[in-house]
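Novice: Structure in structure tokens, see below.
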Amino acid sequence: MTTTGSFTDALRAQSQRYHSQHPFHVRMNAGELAPAQIRGWVANRFYYQENIPRKDAAILANCPDREVRRRWIQRILDHDGTEGSEGGIEAWLRLSEAVGLSRAEVLDERHVVPGVRFAVDAYVNFARTRPWVEAVASSLTELFAPDLMAERLAAFERHYPWIDRDGLAYFRSRLTQAPRDAEHALEVVTEHCRTAEQQARAVDALAFKNDVLWSVLDGIDRAYPGSTGPA
């Protein structure tokens, strides 16, 4: 068994492989993307966003711990929303409109490229088929998300003034949701992963999630070079 401190250090070290360092994301934050590329990113990233509740539902279905389920279900509500409360999926659709896409073309997934679809589907399948604690561990990219969201929000406001600021609400909401979710997931993983083997699998699960996010950006980067993208 390794210590909790060294285990959490190993998890946090995965930040070095987070998609914030992908060349496409670096260019986006530097203000170097054309509007068509931004639209391509938004349209493809929606496929990931709409599958988050399905991933979390798979974790709930496999989780035998009632207390974990009672807290984890909030993630689904955060993305799907409730009556009278906009969720993350609706907020992303508003972002889509703010960058010049119609709801119809985002919802029908006409712009989703094969590499993005393959990576996201692999993530949902991982949550469905792997032990539930490993699936929880894969969600720990949320440890790195608040800084990324803050940087992305500032970058969009600074470099892409043509985007309606009301469309950036998703990024603002994740500034508070992601730390809360990461704290809970880290509690679960450190409680249930006590042996060296269990901890290694948790780190591998997080590495897999990093690969998913990186692959999503690989697919987008190849599909929208230069100024190409959804008109």
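The values are calculated or read from the model by the stated rules, or taken from the named source; none is laboratory data. All values derive from a computational prediction rather than experimental measurement. Every residue, glycine among them, receives a Cβ derived from its backbone with ideal geometry; neighbour counts consider all protein chains shown. Accessible surface areas use protein heavy atoms only, side chains included; no ligands, DNA or RNA. Shrake-Rupley method; radii C 1.70, N 1.55, O 1.52, S 1.80 Å.
Novice: Considering only residues that are free of Cβ contacts under 8 Å to residues at least 24 places away in the same chain, closer than 16 Å to Gln74 by Cα and either within 13 Å of the chain's Cα centre (by Cα) or surrounded by 14 or more Cβ atoms within 10 Å (Cβ to Cβ) (or both), which ones fall in the range 166-184? It would help to see each step written out before you state the result.
Specialist: Quick first cut of the range 166-184, residues free of Cβ contacts under 8 Å to residues at least 24 places away in the same chain only: 171-172, 176, 180, 183.
Imposing the further condition that a residue be closer than 16 Å to Gln74 by Cα reduces the set to 176, 180, 183.
Across the range 166-184, the qualifying residue is only Arg180.
Novice: Shifting gears a bit: Among the helices (runs of 4 or more DSSP H) confined wholly to the range 1-72, which include 3 or more residues that are open to solvent by 10 Å² or more (accessible area, probe 1.4 Å) and either hydrophobic (A, V, I, L, M, F, W, C) or within 27 Å of Gln198 (Cα to Cα) (or both)?
Specialist: By residue number, 4-12, 35-62.
Novice: Looking at Leu186, Leu148, which one is closer than 20 Å to Ile52 by Cβ, part of a helix (DSSP H, G or I) and modelled with pLDDT under 90?
Specialist: Leu148
Novice: Sticking with this structure for a sec: Within the range 134-143, identify whether any single residue is touching an Asp or Glu at 6+ places or on another chain (Cβ under 6 Å) and either among the acidic types (Asp, Glu) or surrounded by fewer than 18 Cβ atoms within 10 Å (Cβ to Cβ) (or both), and answer yes or no.
Specialist: yes
Novice: In the range 189-231, which residue that is touching a His at 6+ places or on another chain (Cβ under 6 Å) and in a helix (DSSP H, G or I) is most open to solvent (accessible area, probe 1.4 Å)?
Specialist: From the range 189-231, those touching a His at 6+ places or on another chain (Cβ under 6 Å) are 213-214, 217, 230; that's our starting set.
Cutting the leftovers down to in a helix (DSSP H, G or I) gives us 213-214, 217.
Working: Leu213: 6, Trp214: 78, Leu217: 4 Å².
Top of the filtered list is Trp214.
Novice: For the range 90-111, name all the residues that are buried (at least 20 other Cβ atoms within 10 Å of the Cβ) and within 19 Å of the chain's Cα centre (by Cα).
Specialist: The answer is Ala91, Trp92, Leu93, Leu95, Ser96, Val106, His111.
Novice: Provide a single number: the residues in the range 155-183 that are of a type in the set (A, V, I, L, M, F, W, C) and not in a helix (DSSP H, G or I).
Specialist: Residues that pass the stated criteria total 2.
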